[in-house]
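See structure below.
The values are calculated or read from the model by the stated rules, or taken from the named source; none is laboratory data. Computed from a predicted model, the values in this text were never measured in an experiment. Please note: Cβ atoms are built from the backbone with ideal geometry, for glycine as well, and neighbour counts cover all protein chains shown. With ligands, DNA and RNA removed, areas are computed over all heavy atoms of the protein, side chains included. Shrake-Rupley method; radii C 1.70, N 1.55, O 1.52, S 1.80 Å.
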Amino acid sequence: VGSAVGSKKKLSGEYATMRTSTFYLLSILHASICITTVSNAAVYSSNILWKTYLRPSWSGNVTITYDEWNGSTPGQIWKVEGIVVPLSTVGRPSAPKPFNGFPTGTDEDLDKGHVLALSNGGIDNSHNIVPQTAQWQRTGGWRDMEIAVYEYAQYKYNWTTVTLAANLSDIAKPNSCLVLFTINIKGYDSTGEPTLYNGTIKCGIEKYLFHIQPPIVSANDSAFWSPIQLPSDASTASLVHDIFAVPSTTENMDEATVMITSTDMDTDSGDNNNVDISTDWFLKRWQLIALICTGVLLVIACVIGSVIASKRYRAWSIKKQNREMFGSDFDDNVYNR
């Protein structure tokens, strides 16, 4: 099209009009393509707890989605996901530095915190480390959340003993659904500490959402759970089937409505990959919508462009034939009228 409208032949401004139409068409296509720009997210996946200790094969890897460092601009962790495997952390080494490189220690009142706790089968790797308020991650709301996840997994797996990391890779797969932990980090402050975590705990037909913020952001630094607090034994688990409404404390969660229903038939055989659809896509939801919109715009642009080009070419062909037939006696103004 560009070559055709770029021809040096001109008749009554028709080519100029076609150039204008083509310019608008290309502008639409350019805008559509720009909408679909994808962030430079990367994925790190590992089954190494620390040293040579491994997660059991049935639990798969811990997977982290993050942004790469860009020169001196730090990369950030955005999502951590893995099957929960409760274990003893006796003999663990000192945690590595946070992936984003921000300082921790007494002066900053920040610790090197694991996004997926070591005691829950998290990996001792910088890709799983962020700065966290010291007391909060040691004995506060964050630690309470980690313990709740730990006890829920112990209950679902019917485990009554704690396994050392050195023996974890040999532990048998539980005869139950597998507890999947997924957490999304929504932002960071100037110290490099995440300001909001949105999480999902899923096991078979059961699914629980939570969000949690450090004390520097929220006066209540405990996790808000929906539909209920994670059960840790049969007496609390029986409540699951009686509670369907979502409390108002879920206003900051990813999903507006959460229900546990008998129609969710995920089984333990697929739990390694059974992730909520709202967080499973590599592309964010707005990028998926943008891709769909781009496809629609491309179809519309092509149709409009084809119609305009066809009409202009037909008009030009008729005028050319009339000039050849009538010669200089042919009047464009009379033809247009």
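If I ask for residues that are assigned to a strand (DSSP E or B) and under 24 Å from I201 (Cα atoms), which ones from the range 68-98 would you list?
Residues satisfying the conditions are I77, W78, K79, V80, E81, G82, I83, S88.
Of the numbered conditions (1) part of a helix (DSSP H, G or I); (2) touching a residue at least 12 places away in the same chain (Cβ under 8 Å); (3) open to solvent by 10 Å² or more (accessible area, probe 1.4 Å), N167 fails exactly one; give the number of that condition.
Only one criterion in (1) part of a helix (DSSP H, G or I); (2) touching a residue at least 12 places away in the same chain (Cβ under 8 Å); (3) open to solvent by 10 Å² or more (accessible area, probe 1.4 Å) is unmet by N167, namely (2).
Across the range 185-232, which residue is nearest to the chain's Cα centre (by Cα) among those that are among the hydrophobic types (A, V, I, L, M, F, W, C) and surrounded by fewer than 19 Cβ atoms within 10 Å (Cβ to Cβ)?
Of everything passing the filter in the range 185-232, L196 is nearest to the chain's Cα centre (by Cα).
Kindly indicate which of G113, G101 is at pLDDT 95 or above and part of a loop (DSSP other than H, G, I, E, B).
The match here is G101.
Is the range 114-125 home to any residue that is crowded, with 17+ Cβ neighbours inside 10 Å and more than 17 Å from I48 (Cβ to Cβ)?
No, that holds for no residue.
Does at least one position in the range 59-76 carry a residue that is in contact with a Pro (Cβ under 8 Å, 6 or more places away or on another chain) and either open to solvent by less than 10 Å² (accessible area, probe 1.4 Å) or under 21 Å from L196 (Cβ atoms) (or both)?
Looking through the range 59-76, none of the residues is in contact with a Pro (Cβ under 8 Å, 6 or more places away or on another chain) and either open to solvent by less than 10 Å² (accessible area, probe 1.4 Å) or under 21 Å from L196 (Cβ atoms) (or both).
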